[in-house]
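**Student:** Shown below is the structure under consideration.
The values are calculated or read from the model by the stated rules, or taken from the named source; none is laboratory data. Note that the structure is predicted; figures quoted are calculated from it, not measured. Methodologically, a virtual Cβ is constructed for each residue, glycine included, from the backbone with ideal geometry; neighbour enumeration extends over all protein chains shown. The area values use the complete protein model at the heavy-atom level, side chains included, leaving out ligands, DNA and RNA. Shrake-Rupley method; radii C 1.70, N 1.55, O 1.52, S 1.80 Å.
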Amino acid sequence: MISSAATLKVTAESHTTYRALLVGNANYRGISNDLPECATDAKAMATMLRGLSSEYTTTVSLNRSASQIASDISSTFSEADDDDVSLFYYSGHGAYSARPEYLGALCGVNDTYLTTSKLAQTLSGVRGKVIVILDSCYSGAAIAAQDDQSGSYAPDIDMSAINQHIIDSFAAYDSGLYLNTQSDSTSSSGGLRQSKFVVLTAC
C-alpha cells in the first residue's frame, strides 16, 4: 500500500517577554547629596512589576556609574526580541547644565554622567518596545528651566532648543537603527513619536 506524504507546518506563536532594569543611585560619596530613597524606589518598582499580570523579570542595580548603567542595559536586555517589552527605570540625581547635551543627564556615581543622547544610543540596541522612566531632577527640563543665579524659573530661556535636544536624543532611532553613531547629538526631528520608545519623565 502506497500513501502520499503529508507535510505538517507548525507556526510558533509569538510570546512577549517582559524585562525591567531598575537603577537606584543613592550614594554619591560627597560629590552630591546622597539620596537614600532612590534605592528604595528601585526596589519598590521591582515589587510592583512582579505583581503585574504581565510578569516582569526584574534586575535591580544600585549605585552605578554612567558606564555601569550602560553595561547593565546591554546585559539585562541582550536576549530581547521584536515581540518583547523592556523597561528601563532610573531614580537618582539628574544634571542641570548650560550645555544642552548635559541637561537632564543621569548622574552616575563617581562623578559620571549619562547624557540623554548616550542613553538613547544604548537603548536603541534593544529589540522590541522600550519603556523609559526617568525619576530624577531636571528630567522634565523640557517643561521649564531654572535660572542659576536667581533660583527662579526664567521664561526668557529658549525652551524650544532644550525641547529639541531631548527630542533629538531619541528621534534618531527607528527599530533600533541609530542614524549617526559618531555623534552625541542628532539633527533629526519627529522625536518621541518614534514607535520604539515610550518615555516618561518626572522632575
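**Student:** Does any residue in region 97-109 that is over 20 Å from Asn25 (Cα atoms) come within less than 6 Å, Cβ to Cβ, of a residue that is in a helix (DSSP H, G or I) and of a type in the set (A, V, I, L, M) six or more places away or on a different chain, and which pairs are these?
**Tutor:** none
**Student:** Give the number of residues within region 75-117 that are in contact with a strand residue (DSSP E or B) (Cβ under 9 Å, 6 or more places away or on another chain) and part of a helix (DSSP H, G or I).
**Tutor:** The number of residues fulfilling the criteria is 4.
**Student:** Report the residue count in region 66-96 for those that are free of Cβ contacts under 8 Å to residues at least 24 places away in the same chain and touching an Asp or Glu at 6+ places or on another chain (Cβ under 7 Å).
**Tutor:** Total meeting the criteria: 0.
**Student:** If you go through region 33-54, how many residues are assigned to a helix (DSSP H, G or I), of a type in the set (A, V, I, L, M) and open to solvent by less than 80 Å² (accessible area, probe 1.4 Å)?
**Tutor:** Applying the first criterion (assigned to a helix (DSSP H, G or I)) to region 33-54 yields 36-50.
Those still in the list that are of a type in the set (A, V, I, L, M) too: 39, 42, 44-46, 48-49.
This time we only want the ones that are open to solvent by less than 80 Å² (accessible area, probe 1.4 Å), so: 39, 42, 44-46, 49.
Looking only at that region, the number is 6.
**Student:** Give me a count of the residues in region 126-140 that are of a type outside the set (A, V, I, L, M, F, W, C) and modelled with pLDDT under 90.
**Tutor:** Kept after step one, since they are of a type outside the set (A, V, I, L, M, F, W, C), are these residues of region 126-140: 127-129, 135-136, 138-140.
If we keep only those that are modelled with pLDDT under 90 too, we end up with 138-140.
Summing the residues that are of a type outside the set (A, V, I, L, M, F, W, C) and modelled with pLDDT under 90 in region 126-140 gives 3.
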